[in-house]
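**Student:** Please read through the structure below; I'll follow up with questions.
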Amino acid sequence: MTPEQFLEFARILPEPLLLVSSEGHLLTTNQAVADMLGLRRQELQGKMLFDLVTESSHEILKYLQACSSSRKMVLGCLTLRKNDQQTLICRSQGAVIQPWSTESSALILLRLEKRVIANNNFVLLNKKIDELAKEVQKRKQAEEALWKANQDLEIRVEKRTTALQETLNELQLTQSQLIQAEKMSSLGQMVAGVAHEINNPVNFIYANLHHAGKYAEDLVKLIQLYQHTYPSSSLEIQERIEVIDLDFLIQDLTKIFQSMRIGTERIQEVVKSLRNFSRLDEAAVKSVNIHEGIDSTLMILEHRLKAIHEYPITIIKKYGQLPNVTCYPCQLNQVFMNIIANAIDALEESAIIIKKQKLPTYNPQIQIHTKVLDDQWVTITITDNGVGINEQVKSKLFDPFFTTKAVGKGTGLGLSVSYQIIVEKHAGEISCSSTPEKCTEFVIKIPVNQVY
Ligand SMILES: Nc1ncnc2c1ncn2[C@@H]1O[C@H](COP(=O)(O)OP(=O)(O)OP(=O)(O)O)[C@@H](O)[C@H]1O
Ligand SMILES: [Mg+2]
């Protein structure tokens, strides 16, 4: 379609259309433009665009220039001067339909639209935008509510999980305490039973030893009297005296009685220690000598303290001047038992390594050091020079069921129960420090008097 044909066609269109040159000459218009201005179409012939509008010629030329140099529709605003002296504000859309050339200037088609209509369209558009914005807002709110509900749910699930985990931990702890208590109570009962069974016959032997010794002494004196009164006895008696080596017998008999007395006294001490260890009759708090508890524990463990893999264990006691401590003695002995048993295990492990590596010497040692901190606290430090504990193991040391020992050898309860006894039962403290492959030290700190 040529520009002329297009203009012919535009003339019959209902929309107000104007064809102008880039200098502002009105080349043609259609009836709708004439109607808008209140003029006849012939009256518009030969006019300039500036004659029809209130905008300055400079502004109009600038607008037409923009239209002719753009490939797109250029929006503008024109204020038409109507025949009745009124003005009419229009939105204009300008597009170049013939670009500028050396032979002719650019031709621009302007389409006018009353601003009221344009405004109406704007209102409609704004309304639509508003609705859309509201919809977007609604969706955002719904999304936020969903996100919040999700967050709440996650927090609730997390809280539940934590609560469940706590209950599980508590149950595991109770279970561990029950197992350990059962273990210790059976050991205690056995020890108490053995002590009781030994106690009676030993006391009986000890009491009779005194009389037996006295009788033997009397008999010896009687024989000596006979020898003195009848120096020349029969041949048979002489022979018998030689066979039994009477002089040696008399000498040795006193020694035998002496060693029997020492032996029974030792058994009595052992029985006392066993009873001290079990202390089954003392479930309540009692003011006791801590050293007696440690000694009786060492005695119970004596069979394990003998040489391990050819290396004899040395026990070094550095006991301070401790006052009696008010505590649950049976439970405190359990703690000593757990820690010293662990120390022996650690020394054993070291001994195996040292033997394998064929190292020349190893002096396994357990040191037990007690001291008064002030008039309210005492400490018991148990140190061994066994395998030691690395940081990873150290962080789990007091956890129930944590063990590095072989199945059947360790249950991993000893230290967790000891922690309970010291920290919760006695309001004390228990800590561990260790240099791997060198030494391990457990420090127990307990108050001299329990506050209830
Ligand atoms: N003196 C120590 N030297 C090196 N490691 C130690 C020492 N004491 C404790 N441990 C480490 O701590 C772990 C936990 O000790 P705990 O007494 O609680 O359990 P266990 O000895 O393994 O088993 P259980 O005492 O119930 O028979 C041990 O398995 C061991 O690895
Ligand atoms: Mg243990």
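**Student:** Which entries of Lys72/Lys140; Lys114/Lys134; Lys358/Lys438; Lys396/Lys438 have Cα-Cα distances beyond 25 Å here?
**Tutor:** Lys72/Lys140; Lys114/Lys134
**Student:** Moving on to the next point. Hand me the trypsin sites (Lys or Arg not before Pro) from the range 380-452 located in a DSSP loop with no more than 10 other Cβ atoms within 10 Å, in residue order please.
**Tutor:** Sparse-neighbourhood loop trypsin sites (Lys or Arg not before Pro): Lys409.
**Student:** Let me ask something additional. Treat the range 185-225 as a sphere of radius equal to its Kirkwood radius over Cα pairs and apply Stokes-Einstein at 10 °C in a medium of 1.306 mPa s; give the translational diffusion coefficient in µm²/s, rounded to a whole number. It would help to have the intermediate numbers written out before the result.
**Tutor:** On the way: Rh = 12.5 Å.
Using the Kirkwood radius from Cα pairs, D works out to 127 µm²/s.
**Student:** Does the range 282-452 classify as rounded, prolate or oblate by the C-alpha gyration tensor (a ≥ b ≥ c root eigenvalues; a/c under 1.5 gives rounded; else a/b over b/c gives prolate, otherwise oblate)?
**Tutor:** Since a/c reaches 1.5 and a/b is larger than b/c, the shape of the range 282-452 is classed as prolate.
**Student:** What order do you get for Trp377, Trp147 when you list them from fewest to most C-beta neighbours inside 10 Å?
**Tutor:** By the 10 Å Cβ count, ascending: Trp147, Trp377.
**Student:** Same structure, new question: Mind listing the phi-derived Karplus ³J(HN,Hα) values for the range 55-71, rounded to whole Hz, using 6.51, -1.76 and 1.60 with θ = phi - 60°, and x for any glycine or proline?
**Tutor:** 5, 5, 4, 4, 4, 5, 4, 4, 5, 5, 4, 4, 5, 6, 9, 10, 8
**Student:** Right, something else. In the range 180-210, which residues have a backbone nitrogen under 19 Å from the label point lying 7 Å from Thr254's Cα in the Cα-to-Cβ direction?
**Tutor:** 209-210
**Student:** What FRET efficiency do you get for Lys114 and Gln141 if R0 is 35 Å and r is their Cβ-Cβ distance, rounded to the nearest 0.05?
**Tutor:** Working: r = 40 Å, r/R0 = 1.14.
My answer for the efficiency is 0.30.
**Student:** Starting from the amide H of Ile313, placed 1.01 Å from N in the peptide plane, find each other amide H under 5 Å away whose residue is 5 or more places distant or on another chain.
**Tutor:** Ala307, Ile308
**Student:** Considering only the other residues whose Cβ falls under 15 Å of the Cβ of Val387, what net charge follows from Lys and Arg at +1 and Asp and Glu at -1?
**Tutor:** Summing Lys/Arg as +1 and Asp/Glu as -1 gives -1.
**Student:** For the range 83-172, build the convex hull from the C-alpha positions and give me its volume per residue in Å³.
**Tutor:** Values: hull volume 15.8 nm³, N = 90.
Cα-based convex hull of the range 83-172, divided per residue, equals 176 Å³.
**Student:** Looking at the chain, I'd like the Rg to Rh ratio, where Rg is from alpha-carbon atoms and Rh is Kirkwood's inverse mean 1/r.
**Tutor:** Details: Rg = 56.9 Å, Rh = 33.6 Å.
We get a ratio of 1.69 for the chain.
**Student:** At a Förster radius of 60 Å, what calculated FRET efficiency corresponds to the Cβ-Cβ distance of Lys214 and Leu171, to the nearest 0.05?
**Tutor:** Efficiency, rounded to the nearest 0.05: 0.40.
Coordinate-derived values only; no laboratory data. Computed from a predicted structure; not experimentally measured. Glycine gets a Cβ as well: all are built from the backbone with ideal geometry, and neighbour counts include every protein chain shown.
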